[in-house]
1. Could you tell me whether residue 178 is buried (at least 18 other Cβ atoms within 10 Å of the Cβ), assigned to a helix (DSSP H, G or I) and in contact with a Lys or Arg (Cβ under 7 Å, 6 or more places away or on another chain)?
2. Could you figure out which of (1) within 12 Å of the ligand (Cβ to nearest atom); (2) at pLDDT 95 or above; (3) of a type outside the set (Phe, Trp, Tyr); (4) assigned to a loop (DSSP other than H, G, I, E, B) isn't true of residue 68?
3. Looking only at residues in segment 71-89 that are more than 14 Å from the chain's Cα centre (by Cα) and assigned to a loop (DSSP other than H, G, I, E, B), which one is farthest from the ligand (Cβ to nearest atom)?
4. Limited to segment 29-52, what total is found for residues that are outside any strand (DSSP E or B) and within 9 Å of the ligand (Cβ to nearest atom)?
5. Please go through segment 247-267 and pick out each residue that is outside any helix (DSSP H, G or I) and crowded, with 20+ Cβ neighbours inside 10 Å.
6. Please tell me if residue 60 is modelled with pLDDT under 95, near the ligand (Cβ under 10 Å from one of its atoms), over 23 Å from residue 233 (Cβ atoms) and touching a His at 6+ places or on another chain (Cβ under 9 Å).
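The values are calculated or read from the model by the stated rules, or taken from the named source; none is laboratory data. Owing to the predicted nature of the structure, the values given are computational and were not obtained by experimental measurement. A quick note on method: Cβ atoms are made from the backbone with ideal geometry, for glycine too, and the neighbour counts reach across all protein chains shown.
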Amino acid sequence: MLGNTPPAQPGNAPVVLTLSDVSIEFGGVTALDAVGFDVRAGQICGLIGPNGAGKTTLFNCITRIYEPSRGVITWQGTDLLGLRPYALASAGIARTFQNLALFGGMSVFDNTMVGGSSRGRFGLVSGLLGLPPARARVRELREKAWYLLERLELVDVANAPASGLPFGTLKRVELARALMSEPSLLLLDEPAGGLTHSEVKELGELIVSLRDDFGFGALLVEHHMGLVLGISDHVVALNFGHKIAQGTPAEIQQDDAVINAYLGRAA
Ligand SMILES: Nc1ncnc2c1ncn2[C@@H]1O[C@H](COP(=O)(O)OP(=O)(O)OP(=O)(O)O)[C@@H](O)[C@H]1O
């Protein structure tokens, strides 16, 4: 129903997101200095680095919250920096939020439906008047939402307001909402934050199985090293705004610059 075709080998899949020479300064602080790397279709790319390394800033450049002072970001061959933030979802990029961005008073089902609105194909007037194309589209979105709620084991809480549900459950609602737009790239902003050890393990398994089913690529910004190294196909390490290493999780674990960065020494 949903999704892209998962590539058999994410390492050989076509590049979908390219960052090249991405730089940004805040006053006298160089938050990112000439950072470049690729994310391939269907690949889970982990982005790691100690506090202040530039992970969130990079995430904010991709999500069009910050404007890089230099560099190029290309999404499926087009200039991502030419897109407005609200155009990302219709371009195939969805995100989750570190501190969740759900409507507490709305039900889990309605929160999930919100994620489908960005890819609406009917006009405002027909939507307001409930004309047949709009009704068909709403029916399609509702079916998709139920499908995702089933897939993410949220059917039992579908009609419950989001506020009051356990944090781990809300993380799954965020994923359902993001998947409503059928993204080709999912940007995950510290998804393990606030979760227990066993919830992190379950979340990692869930992200991989959703990727396998739907074929999206993912950029995973995360402090939880176990999660990043456990589920990423490729890892990029930043420190003081510089890319200090990239490679497979096994390569990254043995990289001297990464080890030094986490031991508190400048690379
Ligand atoms: N809006 C801003 N104004 C001024 N400085 C900023 C701003 N955003 C980030 N910085 C600075 O840029 C650098 C990179 O910060 P960033 O938040 O991207 O790091 P991070 O790797 O996400 O860190 P953490 O893991 O602690 O969230 C830091 O020195 C930070 O103080």
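1. yes
2. The one condition residue 68 does not meet is (1).
3. Taking the candidates together, the pick is 77.
4. Matching residues across segment 29-52 total 4.
5. Within segment 247-267, none qualify.
6. So residue 60 fails the test.
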